[in-house]
Amino acid sequence: MTEVRSCGNPCSREIVQEKIKKALCGGIPGLFSDRDPQKTMPDSVLNFEWELFRHFELAPFIGADYPAPKPVIPLKYRQLIGIAVHAETKCQFCTPFHIALAKFFGATDAEIQEAVNYTKHTVGVSAYLNGLDFDLDEFLKELEALIACLETKPRTGI
(Lines give C-alpha, C1' and ligand atoms only; values in the text may rest on other atoms or scores of the structure.)
Protein backbone atom coordinates (compact mmCIF):
# COMPACT_ATOMS: atom_id res chain seq x y z
CA MET A 1 0.00 0.00 0.00
CA THR A 2 1.47 3.36 -1.07
CA GLU A 3 1.60 5.98 1.66
CA VAL A 4 0.59 9.53 0.80
CA ARG A 5 2.24 12.19 2.93
CA SER A 6 0.41 15.45 2.50
CA CYS A 7 -0.97 18.00 4.94
CA GLY A 8 1.09 16.33 7.67
CA ASN A 9 -0.98 13.14 7.47
CA PRO A 10 0.29 9.85 6.11
CA CYS A 11 -2.69 8.40 4.26
CA SER A 12 -3.03 5.47 1.90
CA ARG A 13 -5.01 5.91 -1.31
CA GLU A 14 -7.70 3.71 0.24
CA ILE A 15 -7.95 5.92 3.33
CA VAL A 16 -8.15 9.09 1.23
CA GLN A 17 -10.83 7.57 -0.99
CA GLU A 18 -12.81 6.52 2.09
CA LYS A 19 -12.62 10.14 3.35
CA ILE A 20 -13.91 11.30 -0.05
CA LYS A 21 -16.76 8.76 -0.03
CA LYS A 22 -17.76 9.81 3.48
CA ALA A 23 -17.80 13.49 2.53
CA LEU A 24 -19.53 13.00 -0.83
CA CYS A 25 -22.32 10.56 0.02
CA GLY A 26 -20.47 7.49 -1.22
CA GLY A 27 -19.17 8.84 -4.51
CA ILE A 28 -15.65 9.53 -5.71
CA PRO A 29 -15.42 12.11 -8.51
CA GLY A 30 -13.27 11.07 -11.47
CA LEU A 31 -10.71 13.68 -10.48
CA PHE A 32 -9.92 11.68 -7.34
CA SER A 33 -10.72 8.15 -8.50
CA ASP A 34 -8.57 5.43 -9.96
CA ARG A 35 -11.21 4.18 -12.46
CA ASP A 36 -8.99 5.10 -15.41
CA PRO A 37 -5.29 4.28 -14.88
CA GLN A 38 -4.35 6.95 -17.44
CA LYS A 39 -6.15 9.61 -15.40
CA THR A 40 -5.37 8.53 -11.86
CA MET A 41 -4.05 11.27 -9.61
CA PRO A 42 -0.64 10.25 -8.23
CA ASP A 43 -0.68 8.78 -4.74
CA SER A 44 1.90 11.35 -3.67
CA VAL A 45 -0.56 14.23 -4.08
CA LEU A 46 -4.01 12.64 -3.71
CA ASN A 47 -4.56 13.52 -0.04
CA PHE A 48 -3.13 17.02 -0.49
CA GLU A 49 -5.34 17.73 -3.54
CA TRP A 50 -8.44 16.36 -1.80
CA GLU A 51 -7.80 18.51 1.27
CA LEU A 52 -7.35 21.61 -0.92
CA PHE A 53 -10.50 20.82 -2.89
CA ARG A 54 -12.47 20.18 0.27
CA HIS A 55 -11.20 23.35 1.92
CA PHE A 56 -11.71 25.73 -1.00
CA GLU A 57 -14.81 24.30 -2.64
CA LEU A 58 -16.86 22.65 0.10
CA ALA A 59 -15.79 23.58 3.64
CA PRO A 60 -17.37 24.15 6.08
CA PHE A 61 -20.45 22.72 4.42
CA ILE A 62 -19.38 19.07 4.44
CA GLY A 63 -19.54 18.47 8.14
CA ALA A 64 -18.29 18.97 11.63
CA ASP A 65 -15.57 16.33 11.22
CA TYR A 66 -13.64 18.78 9.07
CA PRO A 67 -11.65 21.18 11.28
CA ALA A 68 -11.63 24.18 8.95
CA PRO A 69 -11.92 27.82 9.89
CA LYS A 70 -14.89 29.68 8.52
CA PRO A 71 -13.86 31.08 5.13
CA VAL A 72 -13.20 34.80 4.97
CA ILE A 73 -14.88 34.89 1.57
CA PRO A 74 -18.33 33.29 1.82
CA LEU A 75 -18.78 30.17 -0.30
CA LYS A 76 -21.24 31.82 -2.69
CA TYR A 77 -18.73 34.55 -3.50
CA ARG A 78 -15.88 32.05 -3.85
CA GLN A 79 -17.93 30.29 -6.49
CA LEU A 80 -18.77 33.56 -8.26
CA ILE A 81 -15.01 34.22 -8.40
CA GLY A 82 -14.58 30.71 -9.83
CA ILE A 83 -17.19 31.45 -12.50
CA ALA A 84 -15.41 34.68 -13.41
CA VAL A 85 -11.99 33.02 -13.60
CA HIS A 86 -13.19 30.13 -15.73
CA ALA A 87 -15.33 32.27 -17.99
CA GLU A 88 -11.96 33.72 -19.02
CA THR A 89 -9.97 30.46 -19.01
CA LYS A 90 -12.86 28.82 -20.88
CA CYS A 91 -12.62 25.63 -18.85
CA GLN A 92 -15.47 23.34 -19.91
CA PHE A 93 -15.25 21.50 -16.59
CA CYS A 94 -14.78 24.34 -14.11
CA THR A 95 -17.41 26.73 -15.46
CA PRO A 96 -20.41 24.40 -14.94
CA PHE A 97 -18.92 23.18 -11.65
CA HIS A 98 -18.71 26.71 -10.23
CA ILE A 99 -22.12 27.69 -11.61
CA ALA A 100 -23.74 24.67 -9.93
CA LEU A 101 -22.02 25.32 -6.59
CA ALA A 102 -22.71 29.06 -6.76
CA LYS A 103 -26.42 28.30 -7.17
CA PHE A 104 -26.26 25.69 -4.41
CA PHE A 105 -24.68 28.26 -2.07
CA GLY A 106 -27.39 30.81 -2.92
CA ALA A 107 -26.24 32.77 -5.96
CA THR A 108 -28.99 34.00 -8.24
CA ASP A 109 -28.92 33.91 -12.02
CA ALA A 110 -28.58 37.71 -11.93
CA GLU A 111 -25.47 37.47 -9.70
CA ILE A 112 -23.92 34.88 -12.00
CA GLN A 113 -24.65 37.03 -15.04
CA GLU A 114 -23.13 40.07 -13.33
CA ALA A 115 -19.98 38.10 -12.42
CA VAL A 116 -19.59 37.05 -16.06
CA ASN A 117 -20.33 40.56 -17.36
CA TYR A 118 -17.77 42.01 -14.97
CA THR A 119 -15.24 39.46 -16.19
CA LYS A 120 -15.96 40.42 -19.80
CA HIS A 121 -15.54 44.08 -18.94
CA THR A 122 -12.30 43.82 -16.97
CA VAL A 123 -10.68 41.39 -19.42
CA GLY A 124 -11.66 43.71 -22.27
CA VAL A 125 -10.16 46.76 -20.56
CA SER A 126 -6.99 44.78 -19.87
CA ALA A 127 -6.75 43.73 -23.53
CA TYR A 128 -7.17 47.35 -24.60
CA LEU A 129 -4.60 48.78 -22.17
CA ASN A 130 -2.04 46.07 -22.90
CA GLY A 131 -2.72 45.85 -26.62
CA LEU A 132 -2.17 49.57 -27.09
CA ASP A 133 0.83 49.57 -24.74
CA PHE A 134 -0.43 52.18 -22.30
CA ASP A 135 2.25 53.57 -19.99
CA LEU A 136 2.04 51.78 -16.62
CA ASP A 137 3.53 54.64 -14.59
CA GLU A 138 1.03 57.08 -16.08
CA PHE A 139 -1.78 54.61 -15.42
CA LEU A 140 -0.76 54.26 -11.76
CA LYS A 141 -0.73 58.07 -11.37
CA GLU A 142 -4.20 58.24 -12.89
CA LEU A 143 -5.34 55.47 -10.54
CA GLU A 144 -4.03 57.40 -7.54
CA ALA A 145 -5.94 60.49 -8.71
CA LEU A 146 -9.09 58.41 -9.25
CA ILE A 147 -8.93 57.00 -5.70
CA ALA A 148 -8.36 60.51 -4.30
CA CYS A 149 -11.41 61.72 -6.22
CA LEU A 150 -13.56 58.78 -5.09
CA GLU A 151 -12.62 59.45 -1.47
CA THR A 152 -14.41 62.81 -1.73
CA LYS A 153 -17.67 61.22 -2.92
CA PRO A 154 -20.42 59.66 -0.81
CA ARG A 155 -20.37 55.85 -0.90
CA THR A 156 -23.72 54.79 -2.21
CA GLY A 157 -24.71 51.32 -3.27
CA ILE A 158 -21.95 49.62 -1.28
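The values are calculated or read from the model by the stated rules, or taken from the named source; none is laboratory data. From a predicted model like this one, the values you see are computed outputs, not experimental measurements. Positions of Cβ are backbone-derived with ideal geometry, glycine not excepted, and every protein chain shown enters the neighbour counts.
Structural remarks
- Residue in region 113-133 that is of a type in the set (G, A, S), at pLDDT below 95 and under 23 Å from K76 (Cβ atoms) present: no
- Here L143, L75, L52 are screened, and the one residue that is surrounded by 10 or more Cβ atoms within 10 Å (Cβ to Cβ) and touching a Leu at 6+ places or on another chain (Cβ under 8 Å) is L75.
- Unique match (being in the same structural domain as T89 (by TED's automatic domain parsing) and farther than 21 Å from A84 by Cα) among E144, E114: E144
- Test result for D65, assigned to a loop (DSSP other than H, G, I, E, B) and at pLDDT 95 or above: no
- Condition check for G131: under 18 Å from the mean Cα position of the chain (by Cα) and outside the structural domain of L31 (by TED's automatic domain parsing): no
- Some residue of region 81-103 being at pLDDT 90 or above, of a type in the set (S, T, N, Q) and surrounded by fewer than 17 Cβ atoms within 10 Å (Cβ to Cβ): yes
The rows are residues; the columns are (1) more than 29 Å from A59 (Cβ to Cβ); (2) in contact (Cβ under 8 Å) with a residue 24 or more places away in the chain; (3) touching a His at 6+ places or on another chain (Cβ under 7 Å).
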site: H98; (1), (2), (3): no, no, yes
site: A107; (1), (2), (3): no, yes, no
site: H121; (1), (2), (3): yes, no, no
site: A127; (1), (2), (3): yes, no, no
site: D133; (1), (2), (3): yes, no, no
site: L140; (1), (2), (3): yes, no, no
site: A148; (1), (2), (3): yes, no, no
